[in-house]
Amino acid sequence: MPSRVVWIHPEAPPKPELGAPCNGCGLCCLSEPCPIGVLVSRRTTGPCTALEWTSTSSRYECGMLTHPTRHLGLPGVKRLSPTSLLNRLLRRWVTRMIAAGIGCDAELSASVSTSQPDSPSPSSKDNR
Ligand code: SF4
Ligand code: SF4
């Protein structure tokens, strides 16, 4: 798989082993959107627009599970309550589609860099 740079919250937990419980590291959804993410992000590459950082638990969450209608791009349903019937139905469907709860299925490895792409510093390679 080609390497790519993703911007990740500094407090995000490290990616667990394949098959371990998902810890919300966010790496998979920041790398590329899943099939549901392609629909809501309207793109096949880059971070999913439905991914949300949750500071209270210091983890990423799928916005299509927490509050689906907020990410559909449809003004008429954007403000529906997360517990509305439509959101509950969407959440159930998305849970099945993304196989939520089965553990980490992302075959990715990550290394951390503190360098900025537009302002490389002489020591930036030492930080990878
Ligand atoms: S599925 Fe894996 S890579 Fe994706 S957020 Fe969960 S732990 Fe991270
Ligand atoms: S829809 Fe949810 S699970 Fe899929 S890429 Fe987006 S944030 Fe991740």
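Being within 12 Å of ligand 1 (Cβ to nearest atom) and not in a helix (DSSP H, G or I) is a property that CYS22 has.
Scanning segment 83-100 for residues that are touching a residue at least 12 places away in the same chain (Cβ under 8 Å) and within 15 Å of ligand 2 (Cβ to nearest atom) yields a count of 8. Of all residue pairs spaced 6 or more apart or on separate chains, none has beta-carbon atoms under 8 Å together with a first member in segment 55-66 that is over 14 Å from GLY101 (Cα atoms) and a second member that is surrounded by 15 or more Cβ atoms within 10 Å (Cβ to Cβ) and among the hydroxyl-bearing types (Ser, Thr, Tyr).
The residues in segment 28-41 that are within 16 Å of VAL5 (Cα to Cα), buried (at least 20 other Cβ atoms within 10 Å of the Cβ) and either touching a residue at least 60 places away in the same chain (Cβ under 8 Å) or among the charged types (D, E, K, R) (or both) can be counted, and the count is 1.
When you check PRO14 against the structure, is it near ligand 1 (Cβ under 10 Å from one of its atoms), under 17 Å from VAL112 (Cβ atoms) and surrounded by fewer than 15 Cβ atoms within 10 Å (Cβ to Cβ), yes or no? The answer is yes for PRO14. Against the numbered list (1) within 15 Å of ligand 1 (Cβ to nearest atom); (2) surrounded by fewer than 20 Cβ atoms within 10 Å (Cβ to Cβ), THR44 comes up short only at (1). Exactly one residue among LEU108, LEU80, LEU89, LEU74 is modelled with pLDDT under 95, among the aliphatic types (A, V, I, L, M) and more than 15 Å from the chain's Cα centre (by Cα), and that residue is LEU74. I'd like to know if segment 2-19 contains one or more residues that are away from ligand 2 (no atom under 11 Å from the Cβ) and of a type in the set (Ser, Thr, Tyr). The answer is yes; a qualifying residue exists.
The values are calculated or read from the model by the stated rules, or taken from the named source; none is laboratory data. Worth saying up front: this structure is predicted, and the values here are computed from it rather than measured. Ideal geometry is used to build each Cβ from the backbone, glycine not excepted, and the neighbour counts take in all protein chains shown.
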